[in-house]
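Quick note: the coordinates plus some simple rules give every number you see, no bench work behind them. Please read all numbers here as calculations on a predicted model, not as lab measurements. Heads up, the Cβs are rebuilt from the backbone with ideal geometry, glycines too, and the neighbour counts pull from every protein chain shown.
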Amino acid sequence: MYKVFFNEHQLLWGGEMNISLKDNIVQNVEIESFEEFIELLSELERRKYVVKLIIVSKQNPDLMAWLKNNLTQMPAAGGLVMNKQGQFLFIKRFGRWDLPKGRIEAGESAEVAAMREVEEECGITELTIHRELPATFHLYRSPYIQEENNWVLKETRWFEMTYSGSEPLVPQTDEQIEEVRWVSKDELPTVYQQTYGNLKDLIKPYLD
């Protein structure tokens, strides 16, 4: 199953659907054309409440491949980093907790990009990747695309990392990062409530 976020709205398709009705309005929406999908996004922009939609497309059963062919793609990578004390590394940007991440540059592997972004955004090195975590997807409008279809599909590949050093954390302020801090396991539920929807599935296994 794919779960693609647009703002806090969730668009789901493909595979087995295990849908929770809690705090969400779930609807089935059938899409017959790319234009209909864009119209749906425009409608969601105007909604004042968050919805969870199951997307069906008989014309295009591989909906993800279809969207990748019609939208600008933004490949990105980031890290969920733990230190020797079992604390988790978070950044705060635009008033919300986030994980360090950024665009995969030309010629970079996702692993190299993820480590570079953590180093740049948080000011630390001595990182080790242990495993890849599930990717996240979200849609947004890009002000840098001077076309009517300025929608971007961003796929972020995540990696679980450990940090073995003792360097001071330094936020990359030119990327609007307000704060970087280590979060204890006891504090993680509070951060979980103040982060983005597309990161909650990523963080949830660490709450136990």
- line: In order over segment 200-208: 3J(HN,Hα) from phi, Karplus 6.51/-1.76/1.60, θ = phi - 60°, whole Hz, x for each Gly or Pro, gives 5, 5, 5, 7, 3, x, 8, 6, 6
query: What FRET efficiency would be calculated for the residue pair ASP62, LYS185, taking the C-beta separation as r and a Förster radius of 35 Å, to the nearest 0.05?
result: 0.35
statement: So, over other residues within a Cβ distance under 15 Å of ARG141, counting Lys, Arg +1 and Asp, Glu -1, the net charge is -3
query: Taking R0 as 22 Å, what's the FRET efficiency between GLU120 and GLU178 from their Cβ-Cβ distance, rounded to 0.05?
result: 0.90
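Net charge within 11 Å of SER109 by Cβ-Cβ distance, Lys/Arg positive one each and Asp/Glu negative one each, not counting SER109 itself?
Working: positive: ARG116, ARG157; negative: GLU105, GLU108, GLU111.
Result for the local shell: -1.
Holding the Cα-Cα limit at 22 Å, pick out from LYS92/LYS200; LYS52/LYS204; LYS58/LYS204 the pairs that are longer than that.
On the way: LYS92/LYS200 15 Å; LYS52/LYS204 19 Å; LYS58/LYS204 33 Å.
Beyond 22 Å: LYS58/LYS204.
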query: What is the distance, in nm, between label points placed 7 Å from the Cα along the Cα-to-Cβ direction at SER42 and at TYR196?
result: 2.5
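Is there a quick way to get the dipole size of the chain? I mean about its Cα centre, with the Cβ of Lys and Arg at +1 and of Asp and Glu at -1; what is the value in debye to the nearest 20?
Values: 23 positive and 34 negative charges, 115 e Å.
That gives the chain a dipole magnitude of about 560 debye.
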- prompt: Can you tell me the Rg and the Dmax, both Å, for the Cα atoms in segment 74-207?
  reply: 14.7, 49
- prompt: Looking only at segment 146-168, which residues have a backbone nitrogen under 14 Å from a spot 7 Å from the Cα of THR72 in the C-beta direction?
  reply: 146-155
Gain on full stretching of the segment that runs from SER109 to SER142 - 0.36 nm per residue minus C-alpha separation: 9.5 nm
- request: Among the aspartates and glutamates, select those whose C-alpha is under 13 Å from the C-alpha of LYS101, and discard any that sit fewer than 8 residues away in the same chain.
  value: GLU111, GLU117, GLU119, GLU120, GLU121, GLU155, GLU160, GLU175
